[in-house]
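Please read the structure below before turning to the comments.
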Amino acid sequence: MVEMRIPSELGWERAAVDVAASVAKHMGFPPQRIEDIKTAVAEATINAIEHGNASDKASKVVIILLPEQEKLEINIHDRAATPFDATRALATLPSLEEKLSGNASARGWGMFLIQSLVDEVEFSYTGTGNVVRMVIHLES
Amino acid sequence: MANGVRASLRQLSPLIVIDLEGEVTTFADEAVNAAYARACEEPGQAVLFNFAGVDYLNSAGIAILIGVLTEARKAGRRLLVTGLTPHYQKIFRMMGLAQYMPIFETEEQAREFASQ
């Protein structure tokens, strides 16, 4: 297991990305899958920093990487006071057309990218924060 | 912790090229929009964003491009893209952006496209 704690400050997600890439490379993931993992970890960590921890630098985001024989599990914990409404977020795909017409924020792609790039994603609330659990299979 | 982006302009007639270097994240907003505003002062109807010098791009950075694209479409200006890694080409296609910002492997291909 590899565990790291980062301040809730944008930019620190790159530290999580670098560690995840290093673990994935060590496990033998192909380069294109490592790129998927890097983007998924970046987006999930940014969500934890901005939304979960409201960019409070004193509040840490915890990233736990669990390498196994056939898969890599990555858990990202924030310290949000209320649960993240994952069902709603996952059910609403971002529309580029809506964004280009000015009817929706240009942002809001993180969940879509995470969902698209990893094999499994689920959200839970521990009572002290949200956990995003992502799984990437070695042979997918 | 976050590093910035450098955006510089050059002519590649009939294109204006915006070379991006560094990290394209939420912090790139001012630099990218300022570069695009300068590009609009130049003659030509197409702007090529060159990502060859970008070592990190996230969804907040892509959202800045969507904002630029929104403005460009209002002005009837075409935006083109080059220098993306295969991974980010895939991301742009997944998001539907490639439909509005054609992706080219080389600047020359983009220039030929803009010359047609």
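Among the residues in region B:8-16, are any basic (Lys, Arg), touching a strand residue (DSSP E or B) at 6+ places or on another chain (Cβ under 8 Å) and closer than 23 Å to A:GLY11 by Cβ?
Among the residues of region B:8-16, not one is basic (Lys, Arg), touching a strand residue (DSSP E or B) at 6+ places or on another chain (Cβ under 8 Å) and closer than 23 Å to A:GLY11 by Cβ, which makes the answer no.
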Handout entry: Elements of type strands (runs of 3 or more DSSP E) contained in region A:23-131, each with 1 or more residues being more than 18 Å from A:GLU9 (Cα to Cα) and either within 13 Å of another protein chain (Cβ to nearest Cβ) or of a type in the set (S, T, N, Q) (or both)
Key = A:71-77, A:120-125
Completion exercise
In region B:71-98, anything touching a Ser or Thr at 6+ places or on another chain (Cβ under 8 Å) and within 21 Å of A:SER105 (Cβ to Cβ) is listed as B:ILE91, B:MET94
Fill in the blank from the handout: Among (1) of a type in the set (S, T, N, Q); (2) more than 9 Å from chain A (Cβ to nearest Cβ); (3) surrounded by 15 or more Cβ atoms within 10 Å (Cβ to Cβ), B:SER8 falls short only on (3)
Problem - Residues that are of a type outside the set (A, V, I, L, M, F, W, C), buried (at least 22 other Cβ atoms within 10 Å of the Cβ) and touching a helix residue (DSSP H, G or I) at 6+ places or on another chain (Cβ under 6 Å), drawn from region A:14-37 - result: A:ASP36
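Which of the following residues is under 17 Å from the mean Cα position of the chain (by Cα) and surrounded by 14 or more Cβ atoms within 10 Å (Cβ to Cβ): A:LEU96, A:LEU138, A:LEU90, A:LEU100? So that I can check it myself, show each step before the final result.
Details: A:LEU96 fails: under 17 Å from the mean Cα position of the chain (by Cα); A:LEU138 fails: under 17 Å from the mean Cα position of the chain (by Cα); A:LEU100 fails: under 17 Å from the mean Cα position of the chain (by Cα).
None of the other options fit; the residue is A:LEU90.
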Problem - Whichever residue in region B:17-49 is in contact with a Ser or Thr (Cβ under 9 Å, 6 or more places away or on another chain) and of a type in the set (D, E, K, R) and, among such residues, is surrounded by the most Cβ atoms within 10 Å (Cβ to Cβ) - result: B:ASP19
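Scan region A:103-123 and give yes if some residue there is of a type in the set (Asp, Glu) and either farther than 20 Å from B:MET94 by Cβ or modelled with pLDDT under 95 (or both), otherwise no.
Initially, region A:103-123 is screened for residues of a type in the set (Asp, Glu), giving A:119-120, A:122.
This time we only want the ones that are either farther than 20 Å from B:MET94 by Cβ or modelled with pLDDT under 95 (or both), so: A:122.
So far as region A:103-123 goes, yes, one or more of its residues are of a type in the set (Asp, Glu) and either farther than 20 Å from B:MET94 by Cβ or modelled with pLDDT under 95 (or both).
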Completion exercise
Scanning region B:56-93 for residues that are within 10 Å of the chain's Cα centre (by Cα), in a strand (DSSP E or B) and farther than 17 Å from B:ASN33 by Cα gives B:THR82
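The values are calculated or read from the model by the stated rules, or taken from the named source; none is laboratory data. Everything numeric here is computed off the predicted structure, so don't read it as measured data. Neighbour counts run over all protein chains shown; Cβ positions are idealised from the backbone, glycine included.
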